[in-house]
1. What are the ³J(HN,Hα) values, in whole Hz, obtained from phi via the Karplus relation 6.51 cos²θ - 1.76 cosθ + 1.60 with θ = phi - 60°, for each residue of the range 378-392 in sequence order, with x given for Gly and Pro?
2. Mind checking which of K88, K62, K107 has the largest fluctuation in a GNM of the chain, springs on alpha carbons under 10 Å?
3. Given an 8 Å cut-off on Cα distances and at least 6 residues of separation, report the relative contact order of the chain as a percent.
4. Any idea what the relative contact order of the range 209-286 is, in percent, if you count C-alpha pairs under 8 Å spaced at least 6 apart?
5. Could you tell me how many cubic angstrom of Cα convex hull volume the range 227-333 has per residue?
6. Under a plain spin-label model, where a point goes 7 Å from the Cα along Cα-to-Cβ, how far apart in nm are K200 and D276?
7. Write down the radius of gyration of the range 163-212 and its Dmax, each obtained from C-alpha positions, in Å.
8. Skipping prolines and chain starts, which residues have an amide H placed within reach, meaning under 5 Å, of the one on A35, given they are 5 or more residues away or on another chain?
Amino acid sequence: MKVGVLGSGGREHALCFSLKNSNNIEKIYCFPGNAGTNSIATNIDIDLENFEKLKDFIIQNKIDFIIVGPEKPLVDGIVDYLEKFNIKVFGPNKIASQLEGSKIFTKKLCEKYKIPTAKFGVFSNTKNALSFLQNCKFPIVIKADGLAAGKGVYISENLSDASKAVDEIFNGKFGKAESLLIEEFLNGEEMSFFIISDGKNFKIFGTAQDHKRVFEGDKGKNTGGMGAYSPSRLESDELNQKIINNIIKPTLKGLRDLNCEYKGFLYAGLMIVNGDPFLIEYNVRMGDPECQTLLPKLKTDFPLIISKCIEQKLKDINIEWHDDKSICIVLCSKGYPDTFKNNIVINLEKLDLKKNQFIFHAGTKLVDKKILSNGGRVLNIITRSDDFRLARDSSLKLLEEINWNNGFYRKDIGYKVIK
Ligand code: AMP
Ligand code: GLY
């Protein structure tokens with residue numbers, strides 16, 4: 001089989017790695033990929049916005065199926081586009097991708113299907129938003145509607161911060177804003193919950209917890225994710241059942257009522273409050289770095305799972321996992337998430353990876369056989385172990401060996417599960 005992966009981050013390197021592990025794969029293409037995917041796939045430099053060029057390449061090279069990594073092409077309708085040319089694609093279509101593309105779409109779905117979520121209001125101008133905020137309890141959460149690379153969410157402690165957030169959103173900081181969301185602040189513990197769905201059936205695809213803030217102790221600015229661990233410490237059969245019955249199933253029913261089958265990964269960002277799950281947000285893809293943390297634990301042949309989903313026969317297979325823990329630490333460029341330098345050499349040649357250690361590249365590129373940094377998040381260092389502390393220590397040791405002067409990373413990933 002020939003397969004293609006769209007994207008260039010750590011998630012996409014992990015997807016290519018899991019495909020490569022299978023005996024059923026003849027060739028992998030990654031669009032555009034990074035220095036890590038280059039060693040196991042053929043990187044193809046086509047802009048993900050150029051659907052037509054992608055389609056031509058896929059047809060010319062007889063690629064059997066495509067996995068879409070990031071949200072932007074999904075929200076822009078790449079699945080609908082490629083399917084028009086009979087190309088097999090794993091990912092949700094444009095309507096279903098609204099679950100991530102529009103927070104207001106998701107909130108309205110929650111309201112209609114009684115899915116537990118924070119109480120909310122939708123406001124279409126500054127005046128109404130501010131007059132509502134006058135009588136609110138703080139902290140309060142203010143969100144831009146559309147995609148904002150994880151940055152369109154403000155947790156405001158007082159009226160003055162909240163007014164600033166409203167102004168920034170309506171002044172177009174995250175693109176043209178017709179409206180914004182104001183929602184109740186939920187106090188609990190977060191959990192990332194994944195399913196994989198073929199449109200007719202779905203299966204749980206693991207749980208994880210990421211660390212979004214840049215500094216240790218979950219302080220500082222939000223980032224794309226500084227590290228993650230799996231499973232979440234909250235995972236239990238009872239909670240899984242509540243999530244499936246109260247959140248996942250009504251969501252899929254809501255989409256079905258819109259004549260839309262959900263095919264792909266679905267990532268529910270949840271807040272668990274006193275043992276009950278509330279939906280914070282949906283992402284219509286795997287998480288990054290949760291994907292890098294989870295996939296090394298997968299036992300079942302990954303391309304088989306994706307093929308079964310594409311054939312809508314997911315129910316025919318079991319998805320099996322290694323029963324251990326996994327921790328991923330992200331090595332970032334100094335200065336991230338603000339300004340940082342690119343094109344700094346990283347030397348990985350002397351590293352000796354143990355059996356349960358994995359390195360997935362994110363912002364890297366290969367130039368004259370050298371690995372150069374090419375982004376804020378540069379490498380993902382993962383270890384699997386029976387013990388979270390041993391997993392973290394082992395990833396930290398590898399980071400010391402890498403000893404990249406231009407980089408920094410959090411040493412406390414997983415602190416809630418490591419006393
Ligand atoms: P989102 O991009 O919607 O995942 O929001 C980013 C982060 O903001 C989440 O991971 C939560 O930590 C926090 N957050 C979002 N909505 C709420 C809420 N209603 N209550 C508490 N925290 C929230
Ligand atoms: N780890 C957060 C995300 O992928 O959105």
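1. With coefficients 6.51, -1.76 and 1.60, one gets 10, 9, 10, 10, 10, 10, 9, 7, 6, 10, 4, 5, 5, 4, 5 Hz.
2. Result for the chain, Cα springs under 10 Å: K62 fluctuates most.
3. 17
4. 19
5. Here the figure is 144 Å³ per residue.
6. Rounded to a tenth, the inter-label distance reads 3.5 nm.
7. Cα-based Rg and Dmax for the range 163-212 come out at 17.1, 44 Å.
8. For A35, whose amide H was placed from the backbone, the distant partners under 5 Å are T364, K365, L366.
The values are calculated or read from the model by the stated rules, or taken from the named source; none is laboratory data. Nothing here was measured: the structure is a model prediction, and the numbers come from that model. In this analysis, Cβ positions are derived from the backbone assuming ideal geometry, glycine residues included, and neighbour counts consider all displayed protein chains. Protein only, heavy atoms only, side chains kept; ligands, DNA and RNA dropped before computing areas. Shrake-Rupley method; radii C 1.70, N 1.55, O 1.52, S 1.80 Å.
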